[in-house]
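These notes concern the structure reproduced below.
Rule-based calculations on the coordinates, nothing more; no lab input. Note that the structure is predicted; figures quoted are calculated from it, not measured. No Cβ is skipped: glycine too gets one built from the backbone with ideal geometry, and neighbour counts run over all protein chains shown.
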Amino acid sequence: MKEFLSDRQVSFREYNVDEDREAREEMLALSRHAIVPTVVVDGEAVIGFDEEKLDRLLS
């Protein structure tokens with residue numbers, strides 16, 4: 001995921017949801033899932049590595 005975003009020159013923040021309780025709670029609130037990676041683009045959560053959906057949301 002990091003390589004995918006970096007290749008497209010997309011800035012991002014990475015959180016370790018195993019160690020950061022607040023980040024884990026935010027992920028669950030946004031996506032209703034405890035699955036990583038979870039990426040949020042303009043308020044829309046993308047669960048797992050869905051390249052097609054990410055490309056669509058980032059264009």
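Remarks
- Set side by side, the residues F4, F49 differ, and just one is surrounded by 11 or more Cβ atoms within 10 Å (Cβ to Cβ), in a helix (DSSP H, G or I) and in contact (Cβ under 8 Å) with a residue 40 or more places away in the chain, which is F4.
- Yes/no for A29 being without any contact (Cβ under 8 Å) to a residue 12 or more places away in the chain, outside any loop (DSSP other than H, G, I, E, B), out of contact with any Leu (no Cβ under 8 Å at 6 or more places or on another chain) and surrounded by 15 or more Cβ atoms within 10 Å (Cβ to Cβ): no
- Scanning the stretch 32-46 for residues that are surrounded by 14 or more Cβ atoms within 10 Å (Cβ to Cβ) and not aliphatic (A, V, I, L, M) yields P37, T38.
- Answer residue from the stretch 14-44, given it is within 11 Å of the chain's Cα centre (by Cα) and of a type in the set (V, I, T) and is farthest from L58 (Cα to Cα) among those: I35
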